[in-house]
Every structure is written in structure tokens, then in C-alpha cells.
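Shown next, in C-alpha cells, is the structure this report addresses.
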Amino acid sequence: MKKQATLILIALLISLALTGQQAKVPPKKYKSAERNQYYATDPRSEFNALDRDFVLNFKSDFFEIKQLDNFVPYDSTKFMFPNQDLEIIGKTVTNNNGMFDYERIGNVLKSCIFKYEKKGKKEAFLYQDSKLWTREIWLAYKEKNDWEYYFTGISLQYPYLVKWYSAIPLMIAENKFQIEAASFQKVISTAENGSWKTVNKLIKDGIALVFDLKTLRKDSDHDGFTDIRERSLCTNPYDKDTDKDGIPDNLDLNPCHSTHRSDKTALYENIINGCDSMIIPFNEGAVKQLANSKTETYLIVSDDPGMLNVEPRSKRVIVVTTKELDELRYKFTPLPQVLRISPLFKVDGEENTYLIDWSLKDWGGQYLIKKTKSHWMLQSLHSWNY
């Protein structure tokens, strides 16, 4: 009995030793010439700064741009809104349910409001929201009892930086509003060590962006999205079902495209959904889900037809081609956060084996993809964040 126990102990120690040795074996590195070529282009060569005169002469479909005779010079140090200090953000009140909540005006946190005005029974304020993750500027307006909330079509970034500290009035006429701003051109700044970044260069100060309620409210196709919102979602403001799939744009998780599925479609859907499955059949059909007011929206830039007809489970995706994205730059349209999914890169020296990269904001990763006769097999190689 003792001899048998000794043998078992020895076997266990050998097994642990072997396991330790295996843990020290570095993971296999996969190389792809296709991937190297794809990323070989210097991003600076692809950055095409919009012409200065184009920015100066730009005319929006949704708001007016007028020159002010008297204005407050742009101040880059005033990037915090008046209500964004910790004292006000941390201030809580008791809501109707007896729960603690942050101070709000209407449905909006005070910390997001940067311009407020009241004239008689009328109240209005401008605030930032991040429904598309681009710090859009919204207008809240109340004339009687209920607040109305409208997207203005501009954001707190290039090419217009607004001045919350300006003294010009917000309400200027019947159902008309304004905010003082300065216009900028995005250019490349290169440091001595060779690193680079894009920066905003001031080209015109003392302008006012003027918008009216009629334009902000306009919903030409009555699908629940204003025409201004449809510009940001790349949908047709004159057709409530842009892709003709029977689902109105405001409920559609992929409102721009409805095409034939390819063997890649299910693979892309799985990656968009967060890779909840490591084995994906080619013919795996998507279950149609509907969007709601809280659904997050992502922009996917791809020229791969297999990406066009994806049906995500809980995210709204706007899939555009590289050409379409370039055209949007000339409209200064606030766009959703970008979810980047690379093409399939063939792995050198291996049959039906690929690499695919993905990134979202400041995190991402890479998958190893193997293609069989009937399905895809995924393996996570690494992930990163910064």
C-alpha cells in the first residue's frame, strides 16, 4: 500500500514538473505578409487636411454661420463647463422614488449643461450628450410644461469649438437660438522624436452658430429620427426604411444595408457581439433584434461585402465604405464611435488560417481564425488597452 502511494506521489510530481515546463513554452507567433502590407502605409500619408478656404466657406444644411462684430476671444484654457466642478457634480438630491440622484434640469445632468437662459415662460439650454460618443451638442427647450430635446448637428470638437463663456444671448428670436464659436482646421503636428498627432489650428474667431426649432424638429419620413440625426446615422431622411428590409430605421440594428449573407457574415457578427462563440457555422442565421432608445451605435468602416448585412444582437451598426466615410468628412457630421474590424489576413505557410484585428476606442485585440468545410474556429491571441 505504501509502495503504491509512493508511485502515485512520484507520478504527480512528474506531472507537475511537466506542466511547469509547458507553461514556459512561449506561444506560437503567427506571421502574415498580407497584414504587414496592409499596415505598412504611414497613417500621415493618408491624413488629408481639409482645405482652409473650404472650412471658412462651409455652409451647413442645419444651421447658419454668421460673423459677430463684438466677441470674446477664444480661450483654450476654458475647456471645463461652469457646472463641471466636483462640488456641483457630486451634489445630490432626493428624487420622486426617494433615491439619491445628481442635480438635473429636465432629464439632463447639470454637469452637462453649458448655456442656460430663461425669458418669461420660455426656458432653453445647450448641453453635451454622447449618444454617438462624439460629445454632440443638444438643445433643450420648454415653452409650457414639458421639455423637448433636439440634436443640433454639431459637436464639441472640430471644426467648431463653442464658447460657453460668451455673453451673447442664447434665445435671439421666435424659436431661434445661437452659440458663439470659433472655427478650426485640423493639421498634423510632428514632435522632434518623430511622433505626431492631429491638432486644431484656429482659423476664424467670433462666429455664431444659429439654429431654429423648425429645422431641429424636422423628421421628413416620420421614422422617429430627425433629419439631422439621420445625417449622423447615414440613413435616408426621406425613407423610413432605408435598406428596405421591413424594419423602420429607428428600430433597425443595421439600418443602411440589407444584402445577401456570405460565409463571413456570421463570423463578423460574432466579433461584433463580443465573441461569445468560438465555433461559428457558415450558414448560422441571425435572429432579428430591434433597437431602442438606449441602444449604443457604432460606425464600422469596411469595403468587405460580408460585413454589410451583419445583424448584431444588441448594437446598432452603421456600415460605410471608405469612400462614403471620406464624403462625410466634407459635411462635418458628428459620427458614432468607430469599431474597427480588419480584413482577414492569410497566415503565412498555413492553409485556411487567418488573423483578424479589432479595436474600439482605446482597447482591442487579435483573433486567429481557422476555416473548415462548414464553420469558422476562433482563438483569441491577445488583447490590449491603454
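The values are calculated or read from the model by the stated rules, or taken from the named source; none is laboratory data. Just so it is clear, the model here is predicted, and its values are computed rather than measured. No Cβ is skipped: glycine too gets one built from the backbone with ideal geometry, and neighbour counts run over all protein chains shown.
Look through LEU267, LEU251 and report the one residue that is in contact with a Phe, Trp or Tyr (Cβ under 6 Å, 6 or more places away or on another chain) and either closer than 18 Å to TRP376 by Cβ or part of a loop (DSSP other than H, G, I, E, B) (or both).
LEU267
How about the stretch 274-331: which strands (runs of 3 or more DSSP E) wholly inside it have at least 1 residues that are at pLDDT 85 or above, out of contact with any Lys or Arg (no Cβ under 8 Å at 6 or more places or on another chain) and within 22 Å of GLN379 (Cα to Cα)?
Answer list for the stretch 274-331: 279-281.
Across the stretch 153-175, what is the total count of residues that are surrounded by 21 or more Cβ atoms within 10 Å (Cβ to Cβ), assigned to a strand (DSSP E or B) and of a type outside the set (A, V, I, L, M, F, W, C)?
Going through the stretch 153-175 one residue at a time, the tally reaches 3.
Read through the list (1) within 24 Å of ASN309 (Cα to Cα); (2) in a helix (DSSP H, G or I); (3) touching a Ser or Thr at 6+ places or on another chain (Cβ under 8 Å), then give the number of the only condition that ILE228 fails.
(1)
For every residue, the table says whether it meets (1) touching a Leu at 6+ places or on another chain (Cβ under 7 Å); (2) surrounded by 15 or more Cβ atoms within 10 Å (Cβ to Cβ); (3) at pLDDT 85 or above.
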{"position": "ASN107", "(1), (2), (3)": "no, no, yes"}
{"position": "GLU117", "(1), (2), (3)": "yes, no, yes"}
{"position": "PHE125", "(1), (2), (3)": "no, yes, yes"}
{"position": "ASP129", "(1), (2), (3)": "no, yes, yes"}
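Find the residue count for the stretch 142-152, including only residues that are outside any loop (DSSP other than H, G, I, E, B), out of contact with any Asp or Glu (no Cβ under 9 Å at 6 or more places or on another chain) and either modelled with pLDDT under 90 or farther than 16 Å from LYS118 by Cβ (or both).
The number of residues fulfilling the criteria is 1.
Give the residue that is farthest from THR297 (Cα to Cα), with candidates limited to residues of the stretch 311-323 that are within 16 Å of the chain's Cα centre (by Cα) and of a type outside the set (S, T, N, Q).
Once the filter is applied, the top-ranked residue is VAL320.
Read through the list (1) assigned to a loop (DSSP other than H, G, I, E, B); (2) at pLDDT 90 or above, then give the number of the only condition that LEU139 fails.
(1)
Among ARG135, ARG104, which is touching a residue at least 12 places away in the same chain (Cβ under 8 Å) and in the same structural domain as ASP53 (by TED's automatic domain parsing)?
Going through ARG135, ARG104 in turn, the sole match is ARG135.
Just one of ALA181, ALA191 is modelled with pLDDT of 90 or more and small (Gly, Ala, Ser); which is it?
ALA181
Hey, among ASP227, ASP239, which residue is under 24 Å from GLU180 (Cα atoms), acidic (Asp, Glu), at pLDDT 90 or above and out of contact with any Leu (no Cβ under 8 Å at 6 or more places or on another chain)?
Only one candidate qualifies: ASP227.
Across the stretch 307-331, what is the total count of residues that are surrounded by fewer than 19 Cβ atoms within 10 Å (Cβ to Cβ) and of a type outside the set (Asp, Glu)?
10
Exactly one of (1) within 24 Å of ALA182 (Cα to Cα); (2) within 21 Å of the chain's Cα centre (by Cα); (3) touching a residue at least 24 places away in the same chain (Cβ under 8 Å) is unmet by ALA124. Its number?
(2) is the only condition that ALA124 fails.
Which of (1) over 27 Å from LYS370 (Cβ atoms); (2) surrounded by fewer than 20 Cβ atoms within 10 Å (Cβ to Cβ) does LEU233 not meet, given it meets every other one?
Every condition holds for LEU233 apart from (2).
Going by what's in this entry, would PRO169 be described as touching an Asp or Glu at 6+ places or on another chain (Cβ under 7 Å) and not assigned by TED's automatic domain parsing to the domain that holds PRO336?
When the stated conditions are applied, PRO169 passes them.
If a residue has to be under 20 Å from ASP219 (Cα atoms) and of a type in the set (Asp, Glu) to count, how many in the stretch 146-182 make the cut?
Qualifying residue count for the region: 2.
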